[in-house]
Amino acid sequence: MKRLCMFLVPMVALGAFVGLPAEASAEVIPVDLNLVPADETNRVDMTLTALVSGYKASDSDTSTITGNMTVELEIYFDPATHDVVDVNTIAFTGGRLYFSDVSFTLNFSLLGRIEASGTGIAAVPRSPLGPGPVEEGNFNTSDHVLVVDQGLFSAYGTSIIGGLFDPITIDLAVEPMEASSHAIGTIAVSLDAVQDSEGAYSVVLNLPVQFDEIVFENEVATISVQSVGVVEAAGSFTRCTLRTDLAGDDCRVDALDLAAFCEQWLSYSDLAACPLSADLAYDDCYVDFADFAVLAADWLKPKAQ
């Protein structure tokens, strides 16, 4: 069977077949995203609230966010135009967000005040349950978390308030905090250009940061932080537009890809979850002349420079 398939080489070289239309296919694409300069986005408003022996006070400050994130996107591409048909899932796999220092003065009037600060705070975005769904470019942030694992939170009280609890210093590297919320983020992926056999794509991510977390609690005092803001990041990636590069090594269709094709020649499987990479026509999960026609159409196309 494989030996017979190799006789197809001369027909490929002569361009004897024409490719057939195919359905959109999914690929998992890793993307590095850098935060854009802080303006309306990449700023988070933080409010610190303390309840001490029944007395409540709060204060607010704004932190700017810098850094980067890495994500994995499951994307459906149109095999004919290479446009993005849909983004199916998103998973946060790493990176680090850095928050500028903040300070708070919580005034309890005649009872005294609390002086608090957050310094050197950083967090990493994660998807603890795996990729989360994306629908029409929207995803729910509750499928993902920010793990705040760097920096110091400190607070102390004055006067009567200072006598109700000892000064606090929390090392977030030792006691990390996970923050999540129910909000809607957006992911947009677009095709910029196709040159030779390579497509260039742009990615823009908006990630709402909304959480209300307790940072300290004992029998007399509870201190919590509420944060509201949006992280905006942008990046890009390139991908080989030749799905016929079955060997997956050089974005060029040649004898190595033909050999990979012949390994599956006349193979068939379940159509619902077809495992055959050589089913290039995507019509029947059966590797035959229809799939060979697609391979032949891309034979020896020039590699992208």
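The values are calculated or read from the model by the stated rules, or taken from the named source; none is laboratory data. Keep in mind that what you see is a predicted model, and the values were worked out from it rather than measured. We place every Cβ from the backbone using ideal geometry, glycine too, and count neighbours over all the protein chains shown.
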- Message: Can you list residue pairs whose Cβ atoms sit under 7 Å apart, with the first residue in region 257-269 being within 12 Å of Tyr286 (Cα to Cα) and the second being surrounded by fewer than 15 Cβ atoms within 10 Å (Cβ to Cβ) and not aliphatic (A, V, I, L, M)? Count only pairs 6 or more apart in sequence or on different chains.
- Response: Trp265/Lys2; Ser269/Pro275
- Task: Might you let me know whether region 143-166 holds any residue that is of a type in the set (A, V, I, L, M), over 28 Å from Val102 (Cβ atoms) and at pLDDT 95 or above?
- Result: no
- Note on the structure: All conditions in (1) out of contact with any Ser or Thr (no Cβ under 9 Å at 6 or more places or on another chain); (2) of a type outside the set (A, V, I, L, M); (3) in a strand (DSSP E or B) are true of Glu219 except (3)
- Would you check if Thr119 is in contact with a Leu (Cβ under 7 Å, 6 or more places away or on another chain), within 24 Å of Thr62 (Cα to Cα), in the same structural domain as Ile29 (by TED's automatic domain parsing) and of a type in the set (Ser, Thr, Tyr)? yes
- Message: Suppose the filter is among the aromatic types (Phe, Trp, Tyr) and in contact with a Pro (Cβ under 9 Å, 6 or more places away or on another chain); does Tyr156 pass it?
- Response: yes
- Note on the structure: The residue from Arg243, Arg239 that alone is assigned to a loop (DSSP other than H, G, I, E, B) and of a type in the set (D, E, K, R) is Arg243
- Item | Qualifying residues in region 171-192 (those that are at pLDDT below 95 and buried (at least 16 other Cβ atoms within 10 Å of the Cβ)) - the one nearest to Gly137 (Cα to Cα) | Ala183
- Query: Under the condition of being in a helix (DSSP H, G or I) and either among the aliphatic types (A, V, I, L, M) or touching a residue at least 24 places away in the same chain (Cβ under 8 Å) (or both), which residue from region 134-148 is surrounded by the most Cβ atoms within 10 Å (Cβ to Cβ)?
  - Reply: Thr141
- Message: If I filter region 78-92 for residues that are part of a strand (DSSP E or B) and within 30 Å of Ser154 (Cα to Cα), do I get at least one hit?
- Response: yes
- Item | For Leu258: the one exception among (1) outside any loop (DSSP other than H, G, I, E, B); (2) more than 19 Å from Ser197 (Cβ to Cβ); (3) modelled with pLDDT of 85 or more; (4) not β-branched (Val, Ile, Thr) | (2)
- Item | Hits in region 124-133 (condition: over 23 Å from Val85 (Cβ atoms) and surrounded by 15 or more Cβ atoms within 10 Å (Cβ to Cβ)) | Val124, Pro125, Arg126
- Among residues of region 260-292, those that are closer than 14 Å to Arg243 by Cβ, touching a strand residue (DSSP E or B) at 6+ places or on another chain (Cβ under 9 Å) and of a type in the set (S, T, N, Q), counted: 0
- Residue ID - farthest from the chain's Cα centre (by Cα), chosen from residues in region 149-179 that are outside any strand (DSSP E or B) and either farther than 30 Å from Leu111 by Cβ or of a type in the set (Asp, Glu) (or both): Asp166
- Message: Could you go through region 180-199 and let me know if any residue there is more than 27 Å from Leu35 (Cα to Cα), assigned by TED's automatic domain parsing to the domain that holds Ser109 and part of a strand (DSSP E or B).
- Response: yes
- Return yes or no: is Val31 surrounded by 20 or more Cβ atoms within 10 Å (Cβ to Cβ), touching a residue at least 60 places away in the same chain (Cβ under 8 Å) and either assigned to a strand (DSSP E or B) or not hydroxyl-bearing (Ser, Thr, Tyr) (or both)? yes
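Select, from Met6, Met1, Met46, the only residue that is of a type in the set (A, V, I, L, M), over 23 Å from the mean Cα position of the chain (by Cα) and modelled with pLDDT of 95 or more.
Matching residue, one of Met6, Met1, Met46: Met46.
Search region 49-83 for residues being over 30 Å from Gly118 (Cα atoms) and at pLDDT below 95, and hand back the single one that is surrounded by the most Cβ atoms within 10 Å (Cβ to Cβ).
Phe77
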